[in-house]
1. Which residue is surrounded by the most Cβ atoms within 10 Å (Cβ to Cβ), if the candidates are limited to segment 23-37 and must be closer than 11 Å to M1 by Cβ and in contact with a helix residue (DSSP H, G or I) (Cβ under 6 Å, 6 or more places away or on another chain)?
2. Here are N40, N19: which of them is surrounded by fewer than 14 Cβ atoms within 10 Å (Cβ to Cβ) and of a type outside the set (V, I, T)?
Amino acid sequence: MGCREVDAVKHLVRIVAVNTACQVDEKGNAAGRGAWIHPNSSCLNRAIRTHGFDRAFRKSGLDCEPVSRWLDNKSSGVDAPELTREKESG
């Protein structure tokens with residue numbers, strides 16, 4: 001979506017819209033529409049710059065800071081479980 005390159009799903013990360021923010025769906029099973037990007041800042045920045053998330057989720061003004069923090073933590077080797085969305089029991 002960001003760089004518009006076709007790649008295998010195992011090389012991509014799924015992003016979902018939760019209320020007014022984008023969140024990383026590490027398990028790939030969150031409900032609703034998802035958008036796929038490469039897990040690097042250049043792909044994320046291009047998706048933000050071209051309003052790709054706004055179009056994909058049909059919402060405007062989404063906060064992508066949680067995805068940016070997740071990428072920063074992944075690149076520094078820090079695991080960030082608070083940024084992932086667990087499947088709700090029910």
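The values are calculated or read from the model by the stated rules, or taken from the named source; none is laboratory data. Given the structure is predicted, the values throughout are model-derived calculations rather than measurements. Glycine also receives a Cβ, built like all others from the backbone with ideal geometry; neighbour counts cover every protein chain displayed.
1. Here the answer is I37.
2. N19
Table: residues versus (1) part of a helix (DSSP H, G or I); (2) touching a strand residue (DSSP E or B) at 6+ places or on another chain (Cβ under 7 Å); (3) modelled with pLDDT of 95 or more.
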residue	(1), (2), (3)
C22	no, yes, yes
N29	no, no, no
G32	no, yes, no
L44	yes, yes, yes
S60	no, no, no
P66	yes, yes, yes
N73	yes, no, no
G77	no, no, no
